[in-house]
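Visitor: Structure provided below as structure tokens; questions to follow.
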Amino acid sequence: KTDDASLWKMSQNPTFVESGKAVFAANCVACHLASMRGKTESPAAIGPDLTDTTWIHGGKPVEIHDLITKGVLTKGMPTWGPVLGPKKITEVTAYILSVHKDGEPILRDPAAPAAK
């Protein structure tokens, strides 16, 4: 089941988080860096910071999961769904969420395109 509550629960499970960390290390560090801080840590990075509460495309767990699955080609984010499959996408989502807290504020990046 892929909903916000189940993804938050997985983010507190060390098994899911460690699996997600391995997926992240193999596929995501090139753009988001090993720290997950992306452009905040290095202006040369391609991907945004995944550790703060400011999101370009929504920071709710299901939104993060969908973004990883579908990508944002105009921003250089590949469509990972066919490459990673649902299990690994769920694990990497849990890993990203593991540095966040359920209920924390989700801020919209002022430079982001308006929500549809």
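Visitor: If we count every other residue with Cβ under 15 angstrom of VAL83's Cβ, Lys/Arg +1 and Asp/Glu -1, where does the sum land? Walk me through the intermediate numbers first.
Guide: Values: positive: LYS70, LYS87, LYS88; negative: GLU91.
The answer is +2.
Visitor: Please state the relative contact order of the chain as a whole percent: Cα pairs under 8 Å, 6+ residues apart?
Guide: So the answer I get is 35 percent.
Visitor: Taking the Cα centre of region 8-67 as the origin, how large is its charge dipole in debye, to the nearest 20, when only Lys and Arg (+1) and Asp and Glu (-1) carry charge on their Cβ atoms? Mind showing how you got there, number by number?
Guide: Values: 5 positive and 6 negative charges, 15 e Å.
Its charge dipole is roughly 80 debye.
Visitor: Shape of region 7-109 from its Cα gyration tensor (a ≥ b ≥ c, root eigenvalues): rounded if a/c is under 1.5, otherwise prolate when a/b > b/c, or oblate?
Guide: Values: a/c = 1.33, a/b = 1.11, b/c = 1.20.
The shape class here is rounded.
Visitor: Measure off, as a whole percent, the carbon and sulfur share of the 1.4 Å-probe accessible area of the chain, all protein chains present.
Guide: On the way: 4120 of 6740 Å².
Here carbon and sulfur together make up 61 percent of the probe-accessible area.
Visitor: On average, how much accessible surface per residue is there in the chain, in Å², for a 1.4 Å probe, leaving out ligands, DNA and RNA? The partial results should precede the final answer.
Guide: Values: 6740 Å² over 116 residues.
Value returned for the chain: 58 Å² of accessible area per residue.
Visitor: Let me ask something additional. Where Lys and Arg each count +1 and Asp and Glu each count -1, what net charge lies around THR54 among other residues with Cβ under 14 Å from its Cβ? Spell out each step's value before the answer.
Guide: On the way: positive: ARG37, LYS39, LYS60, ARG108; negative: ASP49, ASP52, GLU63, GLU104, ASP109.
Around THR54, the charge tally is -1.
Visitor: I've got another one for you. Given the Cα-Cα distance of ASP102 and ALA25 and 0.36 nm per residue of separation, how much length would full extension add, in nm? Don't skip to the answer; put the middle values down first.
Guide: Numbers: separation 77, 0.36 × 77 = 27.72 nm, distance 2.38 nm.
Between ASP102 and ALA25, full extension yields an extra 25.3 nm.
The values are calculated or read from the model by the stated rules, or taken from the named source; none is laboratory data. Keep in mind that what you see is a predicted model, and the values were worked out from it rather than measured. For neighbour counting, all protein chains shown are included, and Cβ atoms are generated from backbone atoms with ideal geometry for every residue, glycine included. Remember, those area values only see protein heavy atoms, side chains included, never the ligands or the DNA or RNA. Shrake-Rupley method; radii C 1.70, N 1.55, O 1.52, S 1.80 Å.
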